[in-house]
Amino acid sequence: MNDSSKKREHWATRAGFVLATAGSAVGLGNIWRFPYMTGEYGGAAFILIYLLAVLLLGYPLIVNEMVLGRAAQRNPVGVFKVLAPNSPWWLVGALGVFTGFIILSYYGVVAGWSLAYIYKVVIATVVPGIDHARVFQDHIGSVWEPILWQALFMILTVGIIAAGVVKGIQRWSMVLMPVLFVLLLVLIVRSVTLPGAEEGLVYYLRPDFSKVTGRTLLAALAQAFFSLSLGMGAIMTYGSYLDNKDEIPSNAMIVAGLDTGVALLAGFALFPAIFALGFEPSAGPGLAFITLPAVFAQMPLGAFFGVLFFILLAIAALTSAISLLEAVTAWLMDEKGWSRKRAAVVMGVVIFIVGLPATLGYSVLKDFSFPGLNKDLLDTYDWISNSIFLPVGGFLMAIFTGYVWGAKRATDEANKGHNRFKIGRWWAFLIRYAVPVLIFFVMALGIYDTFFR
Ligand code: PHE
C-alpha cells in the first residue's frame with residue numbers, strides 16, 4: 001500500500017545530501033577495514049586495483065542508484081515496482097533491504113566496541129591500574145557488556161532515523177562529518193610525525209604484486225561495494241529524497257572522492273604509529289581493536305589519541321548505520337504504510353537481535369564456524385554480505401538499468417538538473433558492459449579461489 005498522499009521528504013540543501021551520502025559511504029569500511037586489507041593484500045598493488053574498481057564499477061553504480069532512486073521516489077523495493085511494474089525485479093530491491101539488515105546487524109556490534117572503548121579508556125585514565133591495552137580482549141570476551149554497547153549504538157541509530165530525513169539524517173551528517181574530517185587530520189599529523197614513522201609508510205604503500213590473486217581481486221571489488229555503500233539500495237534510498245533540479249553526476253563524484261580519500265588517509269593515521277612504536281600490524285580485523293589499543297598505551301598522551309580514534313570510528317559507523325536503517329525504514333513506510341517511528345524502532349530491535357550471534361561469536365559461540373568457511377560469526381556475516389550479496393545486487397541493478405529500464409533513459413535522468421558536468425555514452429557503456437562483465441568474472445574467480453584451492 002502506497003501512501004502517496006503524504007509528500008516525500010527532500011534534502012534541504014545540496015551539502016546536506018552530499019554529506020549524508022558521504023556519511024553513508026565513509027564508515028567502518030574505510031577506517032577499520034581498508035587499511036588492514038591494504039596491508040594484507042599487497043599494499044600499493046591493492047590500492048591500484050581498488051582505485052580501478054572505484055572508477056570502473058563504483059562511480060557508474062553510485063550514479064545508477066541515485067538515478068533509480070530519484071526517478072522512482074521510492075525505497076529499494078518500490079523503485080523496481082514503479083519502474084518495472086508487474087515483474088519480479090522488485091526482488092532485487094528485496095535482496096538489498098535484506099542485505100542492509102544483515103550488514104547493520106554486525107555493524108552495530110563493531111560500532112558498540114568503539115563506544116565501549118571510549119568509555120573504558122576514559123575510566124582507565126581516572127581509575128589507576130587498568131591496562132588499556134587489554135581493554136578490548138576482555139571486553140569482547142565477556143557476554144553482556146558488548147551486548148549493552150551494541151544496544152546503545154542501535155538506540156542512537158534509531159533515534160536519528162526516527163527524527164526524519166532533514167531533521168535526523170541531514171542534520172546529524174552536517175554536524176558529524178566535519179568533526180570526522182578534523183579528527184582524522186589530527187590523528188594523521190600525530191602518526192606521521194612520530195620518530196620512525198617511515199617504516200609504516202613503506203609497509204602500507206610498497207607494492208607487492210605477488211599477493212594479487214583471484215581472491216585479492218574479489219576482496220578489492222567487495223571492498224569497493226561495501227565502502228561506497230553500493231548494491232543494497234542505501235544510496236538509492238538517499239537518491240529518492242533528491243529533487244529533479246539536483247545534480248547527480250558531480251555529487252556522485254564528490255562522494256566517491258571523499259570516500260576513497262578517507263580510506264587512503266586512514267592508513268596514514270594507522271601504520272606510521274604502529275611501526276613507530278615497534279608493533280607489527282596484525283592481519284585482519286584485530287588491527288584496529290587489538291593492535292591499536294596497544295599502540296596507544298605506549299604513546300605519550302596515548303589515552304587522548306586513543307579516545308579520539310575511537311570517537312572517529314564511532315562517528316564513521318553512526319553515519320553509515322543510519323543509511324542502512326533508512327533503507328529498511330523507507331521500505332516499510334512506502335510499501336507497508338508504517339509510520340517512520342514505528343518502522344525505525346521495530347527494525348532497530350529486530351536487527352539488534354539478528355546481530356546477537358555476531359557479538360556472541362567472541363564469547364559463548366567462540367568455537368562455532370560454518371564448515372568450510374573458517375571464519376568467526378561476525379566475519380561470516382561480513383563476508384556473505386560484502387563478497388556475495390552486494391556484488392550480486394550491483395550486478396542486477398546494472399542489468400536492470402542497462403537492458404530493462406534503459407541506459408539512455410537513465411543517462412537523461414542523471415543529466416536533468418543544472419549540471420556543469422554531465423555523464424555521456426561512456427556511462428551507458430560502463431553500465432551495460434563493463435560493470436556486469438567485471439563483476440561476473442571477479443566473483444567467479446574469487447569464489448573459485450576461496451573454496452576450491
Ligand atoms: N559504506 C559503509 C562503510 O564503508 C558501509 C555500508 C555498506 C553502509 C552498505 C551502507 C550500505 O563502512
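The values are calculated or read from the model by the stated rules, or taken from the named source; none is laboratory data. Computed from a prediction, not measured in an experiment: that's the story for all the values here. Positions of Cβ are backbone-derived with ideal geometry, glycine not excepted, and every protein chain shown enters the neighbour counts. What goes into the accessible areas is simple: the full protein's heavy atoms, side chains included, and nothing from ligands, DNA or RNA. Shrake-Rupley method; radii C 1.70, N 1.55, O 1.52, S 1.80 Å.
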Folded to 0 to 90 degrees: helix 390-399 orientation relative to the chain principal axis, Cα: 20
Simple spin-label estimate for Trp144 and Val186 in nanometres, 7 Å along Cα-Cβ: 3.4
Violating pairs (Cα-Cα greater than 30 angstrom) within the set Lys336/Lys408; Lys211/Lys375; Lys81/Lys341; Lys81/Lys416: Lys336/Lys408
Gap separating the Cα centres of region 316-341 and region 249-303, nearest whole Å: 29
The chain - charge dipole about Cα centre, Lys and Arg +1 at Cβ, Asp and Glu -1, debye rounded to 20: 1320
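Against the 2.2 N^0.38 Å scaling, with N counting residues, where does region 323-367 land? I'd like the Cα-based Rg ratio to two decimal places.
With N residues counted in region 323-367, Rg over 2.2 N^0.38 Å equals 1.47.
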Signed unit charges on C-beta, dipole axis of region 3-451, positive-most listed residue Gly214, Met37, Val262: Val262
R0 of 60 Å, Cβ-Cβ distance Phe368-His418: FRET efficiency to nearest 0.05: 0.65
Lys211-Val346 pseudo-label distance in nm [points 7 Å out on the Cα-to-Cβ vector]: 4.6
In sequence order, calculated HN-Hα J values of region 344-353 (Karplus, 6.51, -1.76, 1.60; Hz; x Gly/Pro): 5, 5, 4, 5, x, 5, 4, 5, 4, 5
Ellipticity estimate at 222 nm from DSSP helix runs (n ≥ 4, -39,500 (n - 2.57)) divided over the chain, nearest 500: -22000 deg cm²/dmol
Where labels lie 7 Å past Cα in the beta-carbon direction, separation of Trp426 and Val404 in nm: 2.9
FRET efficiency, Ala44 to Asn244 (Cβ-Cβ, R0 51 Å, nearest 0.05): 0.75
The chain: angle of helix 90-126 to the longest principal axis, Cα-based, in degrees nearest 10: 30
Charge dipole (the chain, unit charges on Cβ, about Cα centre) - positive-most of Val158, Phe46, Phe451: Val158
Phe440-Glu280 FRET efficiency (beta carbon distance; Förster radius 51 Å; 0.05 resolution): 0.85
Sparse-neighbour loop sites [trypsin sites (Lys or Arg not before Pro); region 1-99; at most 16 other C-beta within 10 Å; DSSP]: Lys6, Lys7, Arg8
Selection from Leu187, Ile118, Trp427 lying farthest towards where the dipole of the chain points positive, charges on Cβ: Trp427
Accessible area of the chain belonging to carbon and sulfur atoms, whole % at 1.4 Å probe: 69
Residue-level accessible surface for Leu194, protein heavy atoms, 1.4 Å, Å²: 20
Semi-axes of the equivalent ellipsoid for the chain, Cα gyration tensor, largest first, Å: 34, 25, 21
Length-normalised contact order of region 188-302 in % [C-alpha pairs under 8 Å, at least 6 apart]: 47
Accessible area in square angstrom per residue, region 200-327, 1.4 angstrom probe: 28
Loop-located chymotrypsin sites (Phe, Trp or Tyr not before Pro) in region 337-396, at most 16 other Cβ atoms within 10 Å (DSSP): Phe368
Contour minus Cα-Cα distance for Phe304 and Trp383 (0.36 nm per residue): 25.1 nm
Whole-Å semi-axes of the ellipsoid equivalent to region 213-273 (Cα gyration tensor, √5λ, descending): 27, 17, 9
